[in-house]
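Q: Here you go, one structure.
The values are calculated or read from the model by the stated rules, or taken from the named source; none is laboratory data. Keep in mind that what you see is a predicted model, and the values were worked out from it rather than measured. Counting neighbours? That spans all protein chains shown, and the Cβs are built from the backbone with ideal geometry, glycine included.
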Amino acid sequence: MTKTNDLPQILPIFPLPGALMLPRARLPLHVFEPRYLAMLEDALKQEGRLIGLIQPCEVPGREGPGLQRIGCAGRVTQFSETEDGRYMITLTGISRFRIVEEVEGFQPYRRCRVSWGGFDRDLDGVEADRGFYRPGFMDLLERYFDAEELSVDWPTLKEADDELLINSLSMLLDLGPEDKQALLEAPSLSTRRETLVTLIEYALRGPNEDLIQ
């Protein structure tokens, strides 16, 4: 099992708007920009093969995109090169981190000094949600997918454990960057599930409908 002391203090950073990665979940990515190809090649040379995925954001007074304070580090667990030099990779989430400062250097990609403090739960293994009422949650999902006219592999969803179900939906549903960040920063699986339920219920109501019924 990975421990906090095994994790590096400096991470290569991959800013990706609207993307969400969570501990133990897998995220497929297509890497094609030269700076991120360089980042991937450098990461593959390191023992941990870690890349920090984070959302960009606007910072007053700064030129170019800033970075959210919290992201998630993933290990490159699969990769394949296409004929034209691009890569299809899979990141497997390891732990969330908090940015301490950005590190200057000669690399074409961004790097940050990070802190892993406060995210010990991410390294403790699969998390349970003891307050999870699955039948009610699945009913809500069915209404949401019907409203969005989405096809779903229901047998797979029903067989998934609590963490896989909640985290996979958090990553895959079409939610805004701020909503994705709120799901990332949820302190526990139960809090993430409650946040996800709120977002789905809001989507079903529609932005123009009163919240108080």
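Q: Residue 83 is checked against (1) part of a loop (DSSP other than H, G, I, E, B); (2) in contact (Cβ under 8 Å) with a residue 24 or more places away in the chain and fails just one. What number does that condition carry?
A: (2)
Q: If residue 191 meets every condition in (1) under 19 Å from residue 71 (Cα atoms); (2) in contact with a helix residue (DSSP H, G or I) (Cβ under 8 Å, 6 or more places away or on another chain); (3) among the β-branched types (Val, Ile, Thr) apart from one, which number is that one?
A: Condition (2) is where residue 191 drops out.
Q: Out of the residues in the stretch 33-57 that are assigned to a helix (DSSP H, G or I) and touching a residue at least 40 places away in the same chain (Cβ under 8 Å), which is farthest from residue 99 (Cα to Cα)? Walk me through how you get there before you give the answer.
A: Our first condition is that a residue be assigned to a helix (DSSP H, G or I); within the stretch 33-57, this holds for 34-45.
Next, only the ones that are touching a residue at least 40 places away in the same chain (Cβ under 8 Å) stay: 34-40, 42.
Numbers: 34: 24, 35: 20, 36: 19, 37: 22, 38: 21, 39: 18, 40: 20, 42: 20 Å.
Only one residue fits best here, namely 34.
Q: Could you pull out every one of the helices (runs of 4 or more DSSP H) wholly within the stretch 96-213 that has 3 or more residues that are under 25 Å from residue 13 (Cβ atoms)?
A: Details: elements: 134-148, 154-159, 162-172, 177-185, 189-205.
Ranges flagged: 162-172, 177-185.
Q: Among 132, 145, which is surrounded by 14 or more Cβ atoms within 10 Å (Cβ to Cβ), over 21 Å from residue 185 (Cα atoms) and not charged (D, E, K, R)?
A: Values: 132 fails: over 21 Å from residue 185 (Cα atoms).
Answer to the check: 145.
Q: Still on this model: Please enumerate the residues belonging to the stretch 82-97 that are surrounded by fewer than 16 Cβ atoms within 10 Å (Cβ to Cβ) and either modelled with pLDDT of 95 or more or of a type outside the set (S, T, N, Q) (or both).
A: Kept after step one, since they are surrounded by fewer than 16 Cβ atoms within 10 Å (Cβ to Cβ), are these residues of the stretch 82-97: 82-86, 88, 90.
If the condition is that a residue be surrounded by fewer than 16 Cβ atoms within 10 Å (Cβ to Cβ) and either modelled with pLDDT of 95 or more or of a type outside the set (S, T, N, Q) (or both), then 83, 84, 85, 86, 88, 90 are the ones that fit.
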